[in-house]
1. Please enumerate, by chain and number, the aspartates and glutamates with C-alpha under 15 Å from the C-alpha of K31, excluding those fewer than 8 residues away in the same chain.
2. Give me the distance between the Cα centres of segment 159-180 and segment 1-63, rounded to whole Å.
3. Where both residues lie in segment 9-184, what percent of DSSP beta bridges are antiparallel, nearest 5?
4. Among S15, A125, V32, flag the residue with its Cα farthest along the positive direction of the charge dipole of segment 9-184, charges on Cβ as +1 for Lys/Arg and -1 for Asp/Glu.
5. For K183, which lysines qualify as cross-link partners when the Cα separation must be under 26 Å and same-chain residues fewer than eight apart are set aside?
6. How would you classify the chain from its alpha-carbon gyration tensor, with a ≥ b ≥ c the square roots of the eigenvalues: rounded for a/c under 1.5, else prolate if a/b is greater than b/c, otherwise oblate?
7. By its C-alpha gyration tensor, with a ≥ b ≥ c as the square roots of the eigenvalues, how is segment 89-185 shaped: rounded for a/c under 1.5, else prolate for a/b larger than b/c, else oblate?
8. For H77, project a label point 7 Å along Cα to C-beta. Then give me every residue of segment 92-134 with its amide nitrogen under 13 Å of that point.
Amino acid sequence: MKNINRKLQIGVMGSAADTKYSKEVERIAEKVGELLAEAGAVTVFGAEKDSDSLSTAACREAKRKSGLAVGVTYGKHKDVWEKDMADFIVASGLERGGGRETTLVLSCDAVIAISGGSGTLTELAIAYQADIPMVAIKTTGGWAERLADTYIDTRKRRKIIGVDTPEEAVKIALREAKEYIKKYG
């Protein structure tokens with residue numbers, strides 16, 4: 001039986017600090033975390049060990065709004081950048097660059113991409129293969145902007161839904177996640 005009454009698990013995927021994103025883009029990520037918390041969704045994010053990221057910004061704001069945040073990290077230990085923020089850390093035992101990202105994305109009912117470098121690109125490809133809904137905030141640059149309103153390949157399995165604001169991103173991600181749960185549980 002499909003559990004359609006559990007909390008929605010929405011992934012926030014985005015650039016690490018070494019991509020030098022702007023404060024404006026960081027505020028967008030924080031707003032996404034805030035809105036997810038207000039909606040009662042779980043913020044699922046890539047828990048980094050060595051630097052801040054847009055995903056951790058979303059986590060911090062979700063926690064400030066009393067939301068639930070689950071981080072998936074690489075390696076064997078739970079020593080992460082936002083150690084005092086996440087409610088739960090999954091130590092995947094896997095490395096960055098595909099392994100951890102697979103565990104992270106498959107734990108989500110939908111994902112929201114904000115800017116993004118190679119890790120976000122990997123995460124979107126995994127979501128595409130798994131038929132997990134993807135929303136990309138077009139105004140943030142990176143892979144989110146490049147892939148918004150496109151399909152990853154000619155199979156056209158699932159379009160990456162492009163939006164302009166955090167409000168649109170969360171509203172659509174929640175709607176799509178509900179449909180995903182009806183289909184897959």
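1. Here the aspartates and glutamates satisfying the reach criterion relative to K31 are E61, D164, E167, E168.
2. When both Cα centres are located, 14 Å separates them.
3. Restricted to segment 9-184, the bridges split so that about 5 percent are antiparallel.
4. In segment 9-184, that residue is A125.
5. Those lysines meeting the cut-off are K2, K7, K156, K159, K171.
6. Rounded is the answer for the chain, as its axis ratio a/c remains below 1.5.
7. Details: a/c = 1.45, a/b = 1.17, b/c = 1.24.
Rounded, since a/c falls under 1.5.
8. none
Laboratory data are not the source of any read-out in this text; all were calculated from the coordinates shown. All values derive from a computational prediction rather than experimental measurement. As a convention, Cβ positions derive from the backbone with ideal geometry for all residues, glycine included, and neighbour counts pool all protein chains shown.
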